[in-house]
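Engineer: First the structure, then my questions, so here it is.
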Amino acid sequence: MEYTLEQIANRIKQAKSVLIMTHMRPDGDAFGCALALSKALDFFKTPNQVCVESDIPSNLTFIEGIQTVQKQPTFAYDLLVTLDCSDEQRLGALFDEFSMAKRKKIDTINVDHHVSNTRYAKYNYVRECAANCMNVAALIEYMGTPFDKKTAEYLMIGLLTDSGNFSHDDVTEETLLLAAKLVKTGVDIRYYNYNLFKKQPKARAALFGRTMSGIRYYHDNRFGVIVVTKAAMEECGADHGMTEGFVDFPLNVDTVEVAASLLEVKKGQYKISLRSKTYADVNKIAGVYGGGGHVRAAGCMLFGDVEDILDRLSYTVSQYLE
């Protein structure tokens, strides 16, 4: 059932202890949302914990406080909040924890910004916007929590990450006004811009060069694809976290409308990231394979031989190219 942010804020303030979860393989917006809400709960001295199923990506280990994130809850809670997660399955290994909470009649809250959200919790608030940190910022305000510098830093990480450093077409006046408000608290936007988008170890540079030298083009160069294999990552000494942002490079080619990154998770399993430039709805493309996200950025998981996956994906993308 849909609720207002004010109603959800009131429910959170009533909780005695809160578990916060976000989607598997979390990005900056997911961690930013979760850590910001955790900080707000600290203000009320409400016991809380952030859990994600995955290891912390190497490109986000610089975030202060991220080391407190756990893979499984270690305390009893009476409210479960999911952030930046479009459906229950996206919780990955924590799906069982969410299901158990529902069986125990523990209230669940879902605050998200993905168009593909399935409204899977008891309390749902879903609003499309550049980053879910925008929704969480409003939620924190309804809770009556002041924006201290640390909370603002977490929210800024989410804004920068999901807006593509304020370059995506869903960036609005509201996005920029929130950014200005966060900067006013003392957030060093240059520091986060550098660490999120520019800083990289030699291993990432090596993997980036190797990957981009093999871009494949389909459909009169309107579909650009990169493949990142486990072997390439191992040879370069890189990990999954270092591939963040790779999919954006082929999208910069002037003829490309849709870009895809195929990241090998394990043999026969690939994480697909999709981006579009002006008109193609990649949320619908991902939806064909049980995934989802946003109109301009979405993802899914595909299984099989990489060449077969490329054939299937190329055909599907062709249906959404003008």
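Engineer: Residues D84, D29: which one is at positive phi, at pLDDT 95 or above and in contact with a helix residue (DSSP H, G or I) (Cβ under 6 Å, 6 or more places away or on another chain)?
Structural biologist: D84
Engineer: How many residues, within the stretch 291-315, are outside any strand (DSSP E or B) and more than 16 Å from Y279 (Cβ to Cβ)?
Structural biologist: Counting residues in the stretch 291-315 that are outside any strand (DSSP E or B) and more than 16 Å from Y279 (Cβ to Cβ) gives 13.
Engineer: Then there's this: One residue is enough: does the stretch 12-32 have a residue meeting the conditions assigned to a helix (DSSP H, G or I), touching a residue at least 12 places away in the same chain (Cβ under 8 Å), open to solvent by 10 Å² or more (accessible area, probe 1.4 Å) and among the basic types (K, R)?
Structural biologist: Yes, that holds for at least one residue.
Engineer: Okay, moving on. Open to solvent by less than 10 Å² (accessible area, probe 1.4 Å), at pLDDT 95 or above, in contact with a helix residue (DSSP H, G or I) (Cβ under 8 Å, 6 or more places away or on another chain) and more than 16 Å from F249 (Cα to Cα): which single residue out of A203, A152 fits that description?
Structural biologist: Within the list A203, A152, the selection yields A152.
Engineer: Only one of these is over 30 Å from K199 (Cβ atoms), among the hydroxyl-bearing types (S, T, Y) and surrounded by fewer than 17 Cβ atoms within 10 Å (Cβ to Cβ): T68, T74. Name it.
Structural biologist: Testing whether each residue is over 30 Å from K199 (Cβ atoms), among the hydroxyl-bearing types (S, T, Y) and surrounded by fewer than 17 Cβ atoms within 10 Å (Cβ to Cβ) leaves just T74.
Engineer: Suppose we keep only residues that are over 18 Å from the mean Cα position of the chain (by Cα) and hydrophobic (A, V, I, L, M, F, W, C) within the stretch 91-122. Which one would you say is surrounded by the fewest Cβ atoms within 10 Å (Cβ to Cβ)?
Structural biologist: M100
Engineer: Which condition number does A205 fail, the rest of (1) closer than 30 Å to A138 by Cα; (2) part of a helix (DSSP H, G or I) being met?
Structural biologist: Unmet for A205, out of (1) closer than 30 Å to A138 by Cα; (2) part of a helix (DSSP H, G or I): (1).
Engineer: Here is a further query. For the condition touching a residue at least 40 places away in the same chain (Cβ under 8 Å), open to solvent by 30 Å² or more (accessible area, probe 1.4 Å) and closer than 26 Å to L160 by Cβ, what is the one hit in V295, V227, V258, V253?
Structural biologist: Selected residue: V295, the only one of V295, V227, V258, V253 that is touching a residue at least 40 places away in the same chain (Cβ under 8 Å), open to solvent by 30 Å² or more (accessible area, probe 1.4 Å) and closer than 26 Å to L160 by Cβ.
Engineer: Just checking, does the stretch 235-257 include any residue being polar (S, T, N, Q), part of a loop (DSSP other than H, G, I, E, B) and touching a Ser or Thr at 6+ places or on another chain (Cβ under 6 Å)?
Structural biologist: No, that holds for no residue.
Engineer: When only residues in the stretch 123-136 that are touching a residue at least 60 places away in the same chain (Cβ under 8 Å) and in contact with a helix residue (DSSP H, G or I) (Cβ under 8 Å, 6 or more places away or on another chain) count, which is surrounded by the most Cβ atoms within 10 Å (Cβ to Cβ)?
Structural biologist: Ranking the qualifying residues of the stretch 123-136, first place goes to C133.
Engineer: Quick one: count up the residues across the stretch 261-289 that are under 13 Å from Y320 (Cα atoms), open to solvent by 30 Å² or more (accessible area, probe 1.4 Å) and under 16 Å from the mean Cα position of the chain (by Cα).
Structural biologist: 1
Engineer: A further question on this structure: Would you mention how many residues in the stretch 137-146 are open to solvent by less than 10 Å² (accessible area, probe 1.4 Å) and among the β-branched types (V, I, T)?
Structural biologist: 1
Engineer: Another question, then. Would you please list the contacts, defined by Cβ atoms under 7 Å and residues six or more apart or on different chains, that run from a residue in the stretch 56-83 that is small (G, A, S) to a residue that is open to solvent by less than 70 Å² (accessible area, probe 1.4 Å)?
Structural biologist: S58/D239; S58/G241; S58/M242; G65/L35; A76/S17
Results for (1) touching a Lys or Arg at 6+ places or on another chain (Cβ under 6 Å); (2) under 24 Å from T118 (Cβ atoms), shown as yes or no for each residue.
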{"position": "T22", "(1), (2)": "no, yes"}
{"position": "R25", "(1), (2)": "no, yes"}
{"position": "A30", "(1), (2)": "no, yes"}
{"position": "C33", "(1), (2)": "no, yes"}
{"position": "A40", "(1), (2)": "no, no"}
{"position": "Q49", "(1), (2)": "no, no"}
{"position": "S54", "(1), (2)": "yes, yes"}
{"position": "S58", "(1), (2)": "no, no"}
{"position": "T74", "(1), (2)": "no, no"}
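The values are calculated or read from the model by the stated rules, or taken from the named source; none is laboratory data. Computed from a predicted model, the values in this text were never measured in an experiment. All Cβ positions, even for glycine, are placed from backbone atoms using ideal geometry, and neighbour counts span all protein chains on display. With ligands, DNA and RNA removed, areas are computed over all heavy atoms of the protein, side chains included. Shrake-Rupley method; radii C 1.70, N 1.55, O 1.52, S 1.80 Å.
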